[in-house]
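Notes follow the structure.
The values are calculated or read from the model by the stated rules, or taken from the named source; none is laboratory data. Given the structure is predicted, the values throughout are model-derived calculations rather than measurements. We place every Cβ from the backbone using ideal geometry, glycine too, and count neighbours over all the protein chains shown.
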Amino acid sequence: MKSRFDDAFFDKLERLALNFSTTLTGYFGGKHRIDKYGQTVEFADFRQYQPGDDIRRIDWNLFARLGKHFLKLYTDERQMHVRIYIDCSNSMGFYPDKAEFAINLAVAFGYLAVRNNDKVSFHLLKNGVEIDPFGLIVGKNSFFGAVAKMEDVTFEGEANFAGIPNVQIGVNDGLAVVISDFLTENNWQKAVDYFLFQKQQVLICQVLGREEVSPTYSGKLDLVDCEGTGKGDERNVQISITRSMIDAYKKELGRFVAQIRKFCVSRDTAFLSVGTTVPVDKIIYRELARYDIVR
């Protein structure tokens, strides 16, 4: 699998950053401002002194003018953890452009994380299990080492989203990105609810291949579920493709995407549905910026 990214693309990403919710707490030592006061050098506000406060933070110049004790408050900046979940099932790998697109989109999110001093981890969903091949990644050297191996990721079996809640994750510490076609009978909504229960910021990215968006098939075909049980699977059918059938398919696809969007709206979760015909860089600069996911 060949990466579409080059040095020029990564140079462009240097000017962008993931936009995290200020309600997240994260970890000390990052670059993201949160809705709490901390120990940075940037002044934020005053508040009146209360017994037990650190007297070293009293503004004595203000006391000389007003005769009252006030504390200086400073902004707080934190490091976040970006967890990227990639659907590596057969349906995602059926079209090579779809698999490549999913990996490259994940790499872009990962780079946006590490270049802003955030932690990142990649989680591969396939064969009914979740695989964390690289562990926690901090810094560009570790990131590019992982990226080199990401090009060898295989797509097989079925993605088990329902198993995600069985793996403990941090609370209120960052962003969960899910990249999938969501063409599965697994309960991916349960995974989203788990992320939200853990107070994660969530981004759902649906990736659809060229043929899935605009089919070019015609005539008699055997349709085989690539994640089914093989010959004799009741989901396998023989059909004759007509113009009216293509139109019906596109209408049903629109309804399917609308259902995912409706669920995400009900959970106040960001949702993006893209086809592989749109270059990854345009997704980052146009779509994600429009939804205020990157700045």
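Taking strands (runs of 3 or more DSSP E) that do not extend beyond segment 151-248, which have at least 3 residues that are modelled with pLDDT under 95?
Fully inside segment 151-248 and qualifying: 219-223, 237-241.
Please enumerate the residues belonging to segment 250-287 that are closer than 20 Å to Phe101 by Cα and within 15 Å of the chain's Cα centre (by Cα).
Passing the criteria: Ala270, Phe271, Leu272, Ser273, Val274, Val280, Ile283, Ile284, Glu287.
Could you figure out which of (1) surrounded by 14 or more Cβ atoms within 10 Å (Cβ to Cβ); (2) at pLDDT below 75; (3) farther than 20 Å from Leu203 by Cβ isn't true of Ile58?
(2)
Which pairs do you get when a residue that is outside the structural domain of Asp181 (by TED's automatic domain parsing) and on the phi < 0 side of the Ramachandran plot, found in segment 253-276, comes within reach of a residue that is of a type in the set (A, V, I, L, M) and surrounded by fewer than 17 Cβ atoms within 10 Å (Cβ to Cβ), reach meaning Cβ atoms under 8 angstrom, with the pair 6+ apart or on two chains?
Correct list of pairs: Leu253/Val213.
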